[in-house]
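What follows is a short report on a single structure.
The values are calculated or read from the model by the stated rules, or taken from the named source; none is laboratory data. As the structure is a prediction and not an experimental result, all values here were calculated from the model. Methodologically, a virtual Cβ is constructed for each residue, glycine included, from the backbone with ideal geometry; neighbour enumeration extends over all protein chains shown.
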Amino acid sequence: MPFTAKSGKFNASIKTVTVGTGDKAITLGGENVLPFYTFDAPIENAPKVGIEITDFGMENELECVKKYYEGCTTLADIAKRAASFEGVDFLCFRMEGGDPNGANKSTEELMAALKEVAEAVDCPLVVAGSKNAERDAELLSKAAEAVQGKNAIILAAREENYKTVGAAAGLAYNQIVGAESSVDINLAKQLNVLLTQLGVNASSIAMNVGTAAAGYGYEYVASTMQRVKAAALSQNDTQLQMPIITPVASEVWGVKEAVTTEADMPEWGDQERRGVDMEVQTAAADLACGSNAVILKHPTSIATISKMIKELV
């Protein structure tokens, strides 16, 4: 008896969110099948890959990253070089120096840096905060104004600051609000509900449901993303149908397997290869679990993940 496969296409679909403007604008979401299930239905908007730079430029980067930016002397130079690497769909500028427990740079200094980057490139932008919710309420609100007209993702509004960030990004300056929750489907849904109740259009929300480097409690990330996608598609849960964007770089390039030098741990082998392997493995897992966009750092990781996406979609 012949085998007739059952279609895995769902009646529900992930909402589409357009980032950027003009010819280089990208669209996230829109699929009505599980990740990479192109045998069930076409995936019109393939997952996207971004590259992350920070306000520190190359100051805090490892040598295996710095070498790709040789000759760059300004943030504008770094942004242009980053945007030129193979496979880059968008640029993420992280205001790392805004952390009050770190460099605690002034808002004025960070906005000047952001404007320098935004003026240097024409690709879609993601603006990420300092990971300090209280400081980010101010920084991201100002950032939404600074890149007005860019249709950027402001990453991210959290439960502690969603009113301030959501109102500025999603209402006052017509940007896309990144909704960040901590690896919990209920928290992800609750934040989306709060943002839409605030008045932010659902088509202007992208979710960061949390991530971790592969091997660092990653099973919680995988199960959360899979549950979010399952609820969005099979249960038609409209409050979980926003596309997912996942910042991988800031997680991976802080774990010991990625940053420990070969001199300190010779038995671990080449440090650059370890870091790239960790970044590729984490990004590939995020995409397989349902992320619609990943943010990476190393050019080799970006080229590898971009090639993987093209071969699977």
Review point. Can you tell me which of Met242, Met207 is assigned to a strand (DSSP E or B), touching a residue at least 12 places away in the same chain (Cβ under 8 Å) and surrounded by 14 or more Cβ atoms within 10 Å (Cβ to Cβ)?
Key: Met207
Review point. Only one of (1) under 24 Å from Leu34 (Cβ atoms); (2) assigned to a helix (DSSP H, G or I); (3) in contact with a helix residue (DSSP H, G or I) (Cβ under 9 Å, 6 or more places away or on another chain); (4) not aliphatic (A, V, I, L, M) fails for Glu219. Which number is that?
Key: (3)
**Study point:** Residue satisfying condition, being crowded, with 19+ Cβ neighbours inside 10 Å, modelled with pLDDT of 95 or more, within 13 Å of the chain's Cα centre (by Cα) and of a type outside the set (Val, Ile, Thr), within set Ser306, Ser301, Ser291
**Key:** Ser291
Check your understanding: Which of the residues belonging to the stretch 259-284 are in contact with a helix residue (DSSP H, G or I) (Cβ under 8 Å, 6 or more places away or on another chain) and surrounded by fewer than 21 Cβ atoms within 10 Å (Cβ to Cβ)?
Key -> Val259, Thr260, Thr261, Glu262, Trp268, Gln271, Glu272, Arg274, Ala284
Check your understanding: Among Val177, Val183, which is without any contact (Cβ under 8 Å) to a residue 60 or more places away in the chain, farther than 26 Å from Thr21 by Cβ and either over 20 Å from the mean Cα position of the chain (by Cα) or not in a helix (DSSP H, G or I) (or both)?
Key -> Val183
Review point. Conditions: (1) without any contact (Cβ under 8 Å) to a residue 12 or more places away in the chain; (2) on the phi < 0 side of the Ramachandran plot. Asp136 meets all but one. Number of the miss?
Key: (1)
Revision key, fill the gap. Log entry, pairs with first residue in the stretch 266-282 being at positive phi, second being surrounded by fewer than 22 Cβ atoms within 10 Å (Cβ to Cβ) and of a type outside the set (Val, Ile, Thr), beta carbons closer than 8 Å, six or more apart or on different chains, reads Gly269/Glu262
Review point. Out of Ser7, Ser84, which single residue is among the hydroxyl-bearing types (Ser, Thr, Tyr) and farther than 19 Å from Glu119 by Cβ?
Key: Ser7
Exercise for review: Name every residue in the stretch 110-152 that is touching a Phe, Trp or Tyr at 6+ places or on another chain (Cβ under 8 Å), in a loop (DSSP other than H, G, I, E, B) and surrounded by fewer than 19 Cβ atoms within 10 Å (Cβ to Cβ), in order of residue number.
Suggested key: Gln148
